Amino acid sequence: MSNENHKSVAELLADHALIEAAITRAVREAVLAHARAGRPVAAWENGKAVWVSPDEVLARLAKEGANGTAPAKEDTPAPQGPAVPS
């Protein structure tokens, strides 16, 4: 097995975009699993903690599209905070 295509741990940790993408993907998957199980998700909206219904979570994530991109500027943005990716 060759090490030519493998990054060192230091190189991986220095790649902030890679880390951010992995965290974003993991949060999205966790929120999606939570909503599919029928549980509301806590989110931060307009300076307040709120519960977002599973149906609303699924609708917001569907609006983002399969590639996890943010909604277009004319769309209503997803809530801010780690609970529901924006």
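The values are calculated or read from the model by the stated rules, or taken from the named source; none is laboratory data. Bear in mind the structure is a predicted one, so any value in this text is a computation, not a measurement. Here the Cβ is made from the backbone with ideal geometry for all residues, glycine too, and neighbour counts use every protein chain on show. For the accessible areas, the whole protein counts, side chains as well, though only heavy atoms, and no ligand, DNA or RNA atoms are used. Shrake-Rupley method; radii C 1.70, N 1.55, O 1.52, S 1.80 Å.
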Could you provide, to the nearest whole Å², the per residue accessible area of region 12-53 with probe 1.4 Å?
-> 73
Burial order of peptide ranges 9-20, 52-63, 36-47 (average beta-carbon count within 10 Å, highest first) | 52-63, 36-47, 9-20
In order through region 46-54: 3J(HN,Hα) via Karplus (6.51 cos²θ - 1.76 cosθ + 1.60), integer Hz, x for Gly, Pro | 6, x, 9, 7, 9, 9, 10, 5, x
Report the charge-dipole magnitude of region 1-51 in Debye, nearest 20, computed about the Cα centre from +1 at each Lys and Arg Cβ and -1 at each Asp and Glu Cβ.
-> 400
Which whole-Hz couplings ³J(HN,Hα) result when phi for each residue of region 20-32 is put into the Karplus expression 6.51 cos²θ - 1.76 cosθ + 1.60, θ = phi - 60°, listed in order with x for Gly and Pro?
-> 4, 5, 5, 5, 4, 5, 5, 5, 4, 5, 5, 5, 4
Cα gyration tensor of region 12-68, axes a ≥ b ≥ c as square roots of the eigenvalues: rounded (a/c below 1.5), prolate (a/b > b/c) or oblate?
-> prolate
Amide H to amide H under 5 Å from Val52: which residues, 5+ apart in sequence or cross-chain, H placed 1.01 Å off N in plane?
-> Val41, Ala42, Ala43
